[in-house]
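Asks: Okay, handing you the structure first.
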Amino acid sequence: MRNFFYTAWENLIYILVGILFLNVLILNYFTFFGKPRQIVQNITVGGTTTAGTNNTAQNGTQTTPFQQLGTTDVCPNTCLAAIKTATSSLKLTQNVTNTTTQQISSGSNEYFVPFGAATGASQGSFSTLSALQAYMNISNYSNVASVVLEVSITSNGIASVQLYDATDGNVIPNSQVTTQGGSPQLLISGPLSLPAGNKLYQIQIQTQLNSPATIDQARLHITLQ
């Protein structure tokens with residue numbers, strides 16, 4: 001009798017274990033081999049929300065909204081034509097800035113082309129003061145009587161200044177002026193012969209012992225007949 005109860009309990013335990021194992025197999029099957037869920041998304045195109053779209057292909061693979069659009073035109077020909085019409089008046093422009101010369105007239109027959117003011121030093125050879133430059137076309141002046149370079153300069157030692165044509169790469173003859181230093185001085189060159197055409201003129205400086213010199217003002221003085 002006792003063996004009968006032991007055998008019954010053992011059989012019951014085996015049955016429960018079998019049922020549990022069968023449940024695990026069924027759950028695993030539906031987890032890995034069950035029918036994929038359908039994902040429905042709303043796609044907004046051009047501000048309009050479309051109806052729900054099935055995001056699962058027939059073979060069980062998921063597709064993105066862009067793949068589902070396929071060859072459907074997001075912007076049809078009428079849309080493209082409207083964009084082309086709206087942008088037809090737009091043109092790519094490039095702003096080109098040219099340095100212009102401020103011409104100051106002191107009378108009916110006198111003009112000044114200012115270069116500005118700067119401080120610099122250069123021992124042994126002339127160096128360009130990039131801050132002192134201006135474009136000027138002598139051909140714009142009729143009946144030119146004379147052109148001279150005027151420089152107001154202060155230095156502790158000997159300093160020389162000359163006019164340089166950066167466009168052609170030449171020093172303007174007879175443009176060099178020199179100061180011995182000390183108090184501020186106004187230096188005036190001899191008559192200058194400037195080449196025709198619009199040229200970029202620059203001021204060059206040379207100082208003794210690399211001592212700095214200050215140019216308070218440099219300008220071309222043009223006198224007409």
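Asks: If you stretched the chain out fully between Ser125 and Leu80, how much longer would it get, using 0.36 nm times the residue separation minus the C-alpha to C-alpha distance? Could the numbers behind the result be given before it?
Replies: Numbers: separation 45, 0.36 × 45 = 16.20 nm, distance 6.46 nm.
Residue separation times 0.36 nm, minus the Cα-Cα distance, leaves 9.7 nm.
Asks: How much FRET efficiency would the formula 1/(1 + (r/R0)^6) give for Asn140 and Leu209, where r is the Cβ-Cβ distance and R0 is 35 Å, rounded to 0.05?
Replies: 0.30
Asks: Gain in length, Asn109 to Thr31, computed as 0.36 nm per residue apart minus the alpha-carbon separation, to one decimal in nm?
Replies: Details: separation 78, 0.36 × 78 = 28.08 nm, distance 10.05 nm.
Roughly 18.0 nm would be gained on extension.
Bear in mind that the values in this text are calculations on the coordinates, not laboratory data. Since the structure is predicted, the reported quantities are computational estimates derived from the model, not experimental observations. With ideal geometry, Cβ positions are generated from the backbone for all residues, glycine too; neighbour counts draw on all protein chains shown.
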